[in-house]
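A short reminder: the numbers here are calculations on the coordinates, not readings from a lab. Keep in mind that this is a model prediction, so the values were computed, not measured. Quick reminder, even Gly has a Cβ in these numbers, built from the backbone with ideal geometry, and neighbours come from all protein chains shown.
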Amino acid sequence: MRDEESPQGPKPVAVAITSLSGAPGVTTTALLLAASWPRRVVMVECDPSGGDVAPWWGLRSSPGLATLAASLGREGVRQSNWDHVQRVGGGMEVITGVSGAAQAAAVDHLWPGLVSTTASMGADLIFDLGRCPGTRWGGLAEVCKVADLLVVVTRADLAAVSHLRAGRDLLRRLQEDVVLVVVGESPYHAHEIAALAGLDLLGVLPMDDRAVAAVRGEARRAGSFHRSRLFRVSREMCAALVSRTRDRALLDSEERPGGGCEEAQLAISGDVAKRPGAPKAVDCGAPVPPPMQVRVR
Ligand SMILES: Nc1ncnc2c1ncn2[C@@H]1O[C@H](COP(=O)(O)OP(=O)(O)OP(=O)(O)O)[C@@H](O)[C@H]1O
Ligand SMILES: [Mg+2]
């Protein structure tokens, strides 16, 4: 989504999020980022094993991805893409996922159309891809390709590192810019985990059950989230993601004849993070605009 300039302002950013093993917190991280994002953003649940946001928030499963897919190419129906978005509380906007594997198989061939239709909405997009299905991405590969960046969420244990090392080249074939988010503390420093995995570290999300309950619709009030360290870190992570996609867009434009090919190649290999001025992991405390409000049902 780097080629089109939005007439309304900065061009929308699209971030895809996945994992390589376990259930480290892809959907939770997608919600945390959506709740802290500095601009209008829609979270799109693409996980082929089925969406979690509707049950977590007690929403109906429809409208959502299935109704959006059904509307593609339907002539004579004047419906906005926004009709398929559900509002969580009053802040976050979500296209809730399919009900399970059978519905996922039915929409799989529609991903190219789903990606371009969500891109046309003019908002930033956060795609929850679920766990990486190895080489069997099917239509979801399209989401990885068109996203500006792919975030891999991991826990900080040695088994996870081993899966990251085995899977990162597969991910890089689909999306050249892959960054790591570590969830939770561990005896190993997150930078060591990232170095072993061969990926740039975007940041570390602390474990916080109370704050997470607020973005999953389980808390009575959202205050526990907005007062939490998890919220501050999520906001910094959002700022780092937006600025990284801007830096990459700049490198891409310099990559055209006459400019910065070498730099762009270094960015793709991850080496640019070791250079002065390269995007840093989120302990920089960069100022960000106020977040969208997460209101409770
Ligand atoms: N920062 C966090 N603090 C506390 N708990 C967390 C955090 N991130 C994730 N979790 C917990 O980890 C568990 C898994 O989270 P989640 O469902 O988001 O994972 P997932 O990777 O999307 O899994 P799946 O592949 O099954 O969809 C949940 O119980 C969630 O509450
Ligand atoms: Mg999930």
Output the relative contact order of the range 15-274, whole-number percent, from Cα pairs under 8 angstrom with separation of 6+ residues.
23 percent
Note the full-extension length gain between Arg39 and Asp169 as 0.36 nm times their separation in residues minus their Cα-Cα distance, in nm to one decimal.
43.7 nm
Farthest positive-ward along the range 15-274 dipole, Cα basis, beta-carbon charges - from Leu110, Gly130, Gly217:
Gly217
Below 14 angstrom from the Cβ of Ser61, what's the summed charge of the other residues (Lys, Arg +1; Asp, Glu -1)?
-2
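Express as a percent, rounded to the nearest 5, the fraction of DSSP beta bridges in the range 15-274 (both residues included) that run antiparallel.
The answer is about 10 percent antiparallel.
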With label points built 7 Å along Cα→Cβ from the Cα atoms of Arg220 and Arg87, find their separation and express it in nm.
2.5 nm
What's the local net charge at Glu45, with K and R +1, D and E -1, over the other residues with C-beta under 9 Å away?
-3
Under 1.5 on a/c is rounded, so check that first for the range 71-125, then, if it is not, pick prolate when a/b is larger than b/c and oblate when it is not; a ≥ b ≥ c are the square roots of the alpha carbon gyration tensor eigenvalues.
oblate
Under the classification rounded if a/c is under 1.5, otherwise prolate if a/b is larger than b/c and oblate if not, where does the range 15-274 fall, given a ≥ b ≥ c as square roots of the Cα gyration tensor eigenvalues?
oblate
